[in-house]
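Structure record follows, encoded as structure tokens.
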Amino acid sequence: MRVLVIDDEALMRQTYRAIFKTTDWQVYYASNAEEGRILLRDRTPDVILCDVGLPDQRGTDLVQRFREKGVTTPILFVSARGEPEDKILGLDAGGDDYISKPFDSDELLERIKALYRRNRLYNAKKTPTTESSTPEDPPFYGDMGWSSRDAAALIGGEKVPLPPLQGRLWCYFLENPERILTHDMIIHRVWGPNGPVEENSVAVLVYRLKRRLASQGADRHIETVPGFGYRLKRS
């Protein structure tokens, strides 16, 4: 496995070297975003570890640019900030997982291996039904809909722009009104097989979607079903 580490802290890079000594992986190190772009192009890594706080560009902005350019390599964000909001910002930028410093070395290795396995499985068994891209204009449910052209939820004729992950989740709700969507179902549909390891990723994403929809009073239509998941309801 080839791993690209993008981290500006020399001490952290030394820590990674010590951790990866126990593996037979090929690991490449970049100290800033520009070096990361070059190594991504030249080394074609299987997994990328990216620190959020880079000196020349925020890690979230760098990853967002990667995704805009069509890079599908699994990406694990690493940050000293571990609040749910920080994690979902990383996932929304295009990250596949998020781990907070300080972390356990065994956990880090397992997360990297999990991302690698999921990506290999996805590439081996990729079918149209497992794509995680946002569908084109799902049917309306009452006065609630989606505009793919505007990347916005439609609520009573008003547009509410949504980031990609929230847009996928909203479309999934529209495709399955009144149906309970479990944690695993949402992970698979919104993130695909490279879904995040963090248990609270779905809860935080639902929270952020509801907060966006609150401006039009539509947050009340997304119901939490304790012990099961979430569903879209009329009232």
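Computed from the coordinates by the stated procedures, all read-outs in this text should not be read as laboratory data. Only a predicted model underlies this, so the values are computations on that prediction, with no experimental measurement involved. Neighbour counts are summed over all protein chains in view; Cβ atoms, including those assigned to glycine, are modelled from backbone coordinates with ideal geometry.
Points to keep in mind about this one:
- Entry note, the chain: relative contact order of 14 percent, from Cα contacts under 8 Å with a spacing of 6+ residues.
- Cross-link table Lys69/Lys101; Lys159/Lys233; Lys21/Lys101; Lys21/Lys69; Lys159/Lys210; Lys87/Lys113, entries beyond 22 Å C-alpha to C-alpha: Lys69/Lys101; Lys21/Lys69
- Pairs of Cα atoms nearer than 8 Å and 6+ residues apart set the relative contact order; for segment 143-235 it is 27 percent.
- Cα long-axis angle, helix 201-213 against the chain (0 to 90 degrees, to the nearest 10): 50
- Residues whose amide H lies under 5 Å from that of Gln57, counting only those 5 or more places away or on a different chain, are Ala33; hydrogens are built 1.01 Å from N in the peptide plane.
- With Cα atoms, 0 to 90° folded angle of helix 59-68 axis to the chain main axis: 70
- Solution diffusion estimate, µm²/s, Stokes-Einstein, the chain, Kirkwood Rh from C-alpha pairs, 25 °C, viscosity 0.890 mPa s: 131
- Whole-angstrom gap from segment 47-75 to segment 152-190, using each part's C-alpha centre: 25
- Distance histogram for segment 2-126 (every C-alpha pair counted, 5 angstrom bins, percent rounded to whole numbers): 2, 11, 23, 27, 22, 11, 3, 0
- Residue of Thr60, Thr73, Thr182 that the Gaussian network model of the chain assigns the largest fluctuation, springs spanning Cα pairs under 10 Å: Thr182
- Gain on full extension, evaluated as 0.36 nm per residue between Lys159 and Asp106 minus their Cα-Cα distance, stands at 14.6 nm.
- Net charge of Cβ neighbours under 10 Å - reference Tyr141; Lys, Arg +1; Asp, Glu -1: -1
- Across segment 184-189, rounded Karplus estimates of 3J(HN,Hα) from the backbone phi angles (6.51 cos²θ - 1.76 cosθ + 1.60, θ = phi - 60°) give 5, 4, 5, 4, 5, 6 Hz, Gly and Pro being marked x.
- Ranked packing of 65-72, 5-12, most packed first, by mean Cβ within 10 Å: 5-12, 65-72
- By the beta-carbon count within 10 Å of each Cβ, the least crowded to most crowded order of Ile48, Ile99, fewest first, is Ile99, Ile48.
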